[in-house]
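Read through the structure below, which is laid out as structure tokens, and then see the notes.
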Amino acid sequence: RIGVAAWSPDGRWLAFDGPDAALWVMNAEMEIRRLASAEYGGWVWSPTEAQLAMILNSKLTVVDASTGRKIDLGDVVGDVTSAPVWSADGTRILFGARGGSLYSVDVQSGERSMLLRLPGENLDSMDEIEWSPDGEHLVIMNDLEPGGGRLYVMNADGSGVRVLLDNYEP
């Protein structure tokens, strides 16, 4: 059974959730490679290279599609609830943790920092993080406990946080 699938930005690779609940890639010559076992959490292509970012065995990991080489960017912090998200220029990866914490990792150095903790009460899982096309802003969808959701928008550096929509049903 094949699940989620997406082309690399250069169109040379197809990544997909496939047999054995693993992450696989396939090139145009139909060569298939298993990149990660069932213990990975959400994956996303780099916007600039044929690399995928994922949470693998509680570590932020970048995997090269052509070689399968893994780059360990360190342990994730907290109970990660979102797939990692690349910046448009491929230099940073963001991930969110339960309770509204958003972390930023520099891909070259592996240096990480807490970008922000979302304001508000009853924050549960950070379900989706998206960059604006120009890379200047972020939007975050956060679940609330016991139910509903909250949609935030902010500057890419974590400043200027605003609630766009509060207590909605996704």
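Here the contact order of the chain, divided by its residue count and restricted to Cα pairs under 8 Å and six or more residues apart, works out to 11 percent. If only the Cβ of Lys and Arg carry +1 and only the Cβ of Asp and Glu carry -1, the dipole of the chain around its Cα centre is close to 340 debye.
Here is the P(r) of the chain: all C-alpha pair distances, binned every 10 Å from 0, give 10, 38, 34, 16, 2, 0 in whole percents. With the dipole of the stretch 9-137 worked out from charges on the C-beta (+1 for Lys and Arg, -1 for Asp and Glu) around the Cα centre, which of Gly120, Thr61, Ser46 lies farthest toward the positive end? Selected residue: Thr61. Summing Cβ point charges (Lys, Arg +1; Asp, Glu -1) relative to the Cα centre of the stretch 7-53 gives a dipole of roughly 20 debye. In the chain, the portion of solvent-accessible area held by carbon and sulfur atoms comes to 50 percent [1.4 Å probe, whole percent, DNA, RNA and ligands not counted]. Normalised per residue, the accessible area of the chain is 51 Å², obtained with a 1.4 Å probe and no contribution from ligands, DNA or RNA.
In terms of its Cα atoms, the stretch 98-170 spans 39, 24, 18 Å along the principal axes, sorted from long to short.
Need the C-alpha centroid separation for the stretch 67-87 versus the stretch 40-64, integer Å. With the stretch 67-87 and the stretch 40-64 each reduced to a Cα centre, they are spaced 6 Å. When peptides 56-65, 69-78 are ranked by their average number of other Cβ atoms within 10 Å per residue, the highest-first order is 56-65, 69-78. Sequence-ordered 3J(HN,Hα) estimates for the stretch 44-60 from the Karplus curve with 6.51, -1.76 and 1.60 and θ = phi - 60° stand at 8, 6, 5, x, 10, 9, 7, 10, 10, 9, 7, 9, 10, 6, 6, 10, 6 Hz, glycine and proline given as x. Between Ser132 and Asp20, the FRET efficiency estimated from the beta carbon spacing at R0 = 35 angstrom works out to 0.45.
Using R0 = 30 Å, the C-beta based FRET efficiency linking Ile71 and Leu151 works out to 0.40. Taking every protein chain into account, the 1.4 Å probe leaves Glu136 with about 110 Å² of accessible area, to the nearest ten.
Go from 0 up to the bin containing the longest alpha carbon distance in the stretch 17-105, width 5 Å each, and give me the % of pairs per bin. Spelled out bin by bin, the stretch 17-105 gives 3, 14, 25, 25, 18, 10, 3, 1, 0 percent.
The values are calculated or read from the model by the stated rules, or taken from the named source; none is laboratory data. As the structure is a prediction and not an experimental result, all values here were calculated from the model. Because the Cβ atoms are built from the backbone with ideal geometry, glycine has one as well, and the counts that use them run over all protein chains shown. Just the protein is used for accessible areas: all its heavy atoms, side chains included, with ligands, DNA and RNA removed. Shrake-Rupley method; radii C 1.70, N 1.55, O 1.52, S 1.80 Å.
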